[in-house]
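Notes follow the structure.
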Amino acid sequence: MKNKPINRRDFLKTAAGIGIASAIASEKVLAALTDPNKPTQEKTLPQVPRRLLGRAKITVPALSFGAMFDIVENQIMLHKTLEWGVNYWDTAHSYAGGNSEIGIGMFLGKYPEKRKGIFLVTKASGAKNGEEIRDRLKTSLERMKTDYIDLYYGIHSLKDPDHLTESLGQLAADLKDKGLIKYFGFTTHRNMTECLNAAAKFDWIDAIMTSYNYRLMQDEKFMAAVDACRNRGIAIIAMKTQGHRSDMGSDNLLYERFLQKGFTDGQAKIKVTLADDRLASACVGMKNVATLTSNVAAVLDKTELSQADLDFMKTYAKQTCSGYCSACGACSKVTSDMPYVSDVMRSLMYHRKYGDKALARQVFADVRKHINAPVNSFDYSRAEKICPNRIPISSLMNQAQKILA
């Protein structure tokens, strides 16, 4: 049976159900989406809005492309991001075993003229000192066939603010002087508040990518730390914008509420995050054209969330916090023999919410390298008592051990 071509009326009727009608109502966009494997001419589609990158005198797209997967096998995504103006590409030395950076290198090797129009970001995954940071950077430059990185995260997943040393600042200055990088910073999704407060004391940190979502926006101490960084001129890049829980709970209430407004709960989460003008960009993992299109639509859509919507999300965040690990680090202080609770929670989230079982097992395996016993063999009773979200840690550790070990 031949596929029946979709007409414009049917397309927009369907699109309204997922919140993209307002963003892709032109015939050119419709033509592009009917054949997602064929790149269209750049600049023919609506372009995502841009924001200042902290104190830097440049702008970046409000939505950035998280390339935490094998780009070698998915070159079409690079073409498609540029069509929408999503030219901020975020990768890392470790992503997809190196195939994320290698895939970008394949693209830039074929289209070297496009390099100047791309804001390229990568990270020194696993580097423990200055020498390893330099080695990671050298490899990343070679893989991606470029002479420089626009934004380099010298620490990938900062947990301890004591690692922000003056020697690291001197290294950043040296890399800039040599023209190898333009801007320097770090990423963090654990103990974020302390890491951000520490960063605000330095003038050599240009950008920070941190977990940031409607749940974390209810944390006054975290938001104060964000303010401290922004007052210093440090750009804040949001990640983990969906605020997924580690348990089996669903977001059906959010879905039902926002579907009536013409967009999904996922789009609503991006919209409420980017409503905060302290953010330079929201970095979202997008493995396929459908996800990219949906996220772009959320950014382009002019519909503003009402105060009632924001109040609803605030209440919902509080009511469902028992399944969300904010990686505050509190539990690590009372479980010194197993200070990786938030990492295990993240692995469960990757498995259950992202559907990325390989990544989930990788994160879980990294935890097991540092401990000599199953993760469910430790006593988490004190950690559960001080957890601000009252997470049933013991139960989730049992589930992680069963699913991911």
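Each value in this text was obtained by applying a stated rule to the coordinates, not by laboratory testing. Just so we're clear, the structure is a prediction, and the values are computed from it rather than from any experiment. FYI the Cβ positions are ideal-geometry reconstructions off the backbone, even for glycines, and counts take in every protein chain you see.
Dimensions of region 83-228 based on its C-alpha atoms, expressed as ranges along the principal axes with the largest first, amount to 47, 36, 26 Å. Full extension of the segment from Asp177 to Ile403, taken as 0.36 nm per residue of separation minus the current Cα-Cα distance, would add 76.6 nm. Relative to the globular-protein estimate of 2.2 N^0.38 Å, the Cα radius of gyration of region 39-135 stands at 1.14.
Subtracting the Cα-Cα distance of Thr59 and Gln75 from 0.36 nm times their residue separation leaves 3.3 nm of extension gain. Per-residue ellipticity at 222 nm computed for the chain from its helices equals -12000 deg cm²/dmol, with DSSP H segments shorter than 4 residues left out and the rest contributing -39,500 (n - 2.57).
Run the Debye formula on the Cα coordinates of region 191-264, all scatterers equal and no solvent, and tell me log10 I(q)/I(0) at q = 0.11, 0.15, 0.27 1/Å. For the requested q values the scattering log ratios are -0.37, -0.60, -1.22.
Residue exposure proxy: His163, His370, His189, ordered by other Cβ atoms within 10 angstrom of their Cβ from fewest to most, comes out as His370, His163, His189. Extension gain for Glu220-Arg232 works out to 2.5 nm (0.36 nm per residue, less the C-alpha to C-alpha distance). Rounded to two decimals, the Cα radius of gyration of region 329-404 over 2.2 N^0.38 Å is 1.02. Each label was represented as a point 7 Å from its Cα along the Cα-to-Cβ direction; for Leu310 and Asp160 these points are 3.9 nm apart.
For the peptides 359-367, 308-316, the ranking by mean Cβ contacts within 10 Å, running from highest to lowest, is 359-367, 308-316. Separation of the alpha carbons by more than 28 angstrom is noted, of Lys80/Lys269; Lys240/Lys302; Lys159/Lys369; Lys314/Lys402, for Lys314/Lys402.
Per-peptide packing, taken as the mean over residues of other Cβ atoms within 10 Å, places 320-329, 63-72 in the sequence 63-72, 320-329 from highest down. With q set to 0.06, 0.09, 0.11 Å⁻¹, the log10 of I(q)/I(0) for the chain, from the Debye formula over equal scatterers at the Cα positions, is -0.24, -0.55, -0.83. Normalising by residue count, region 251-309 has a Cα convex hull of 96 Å³ per residue.
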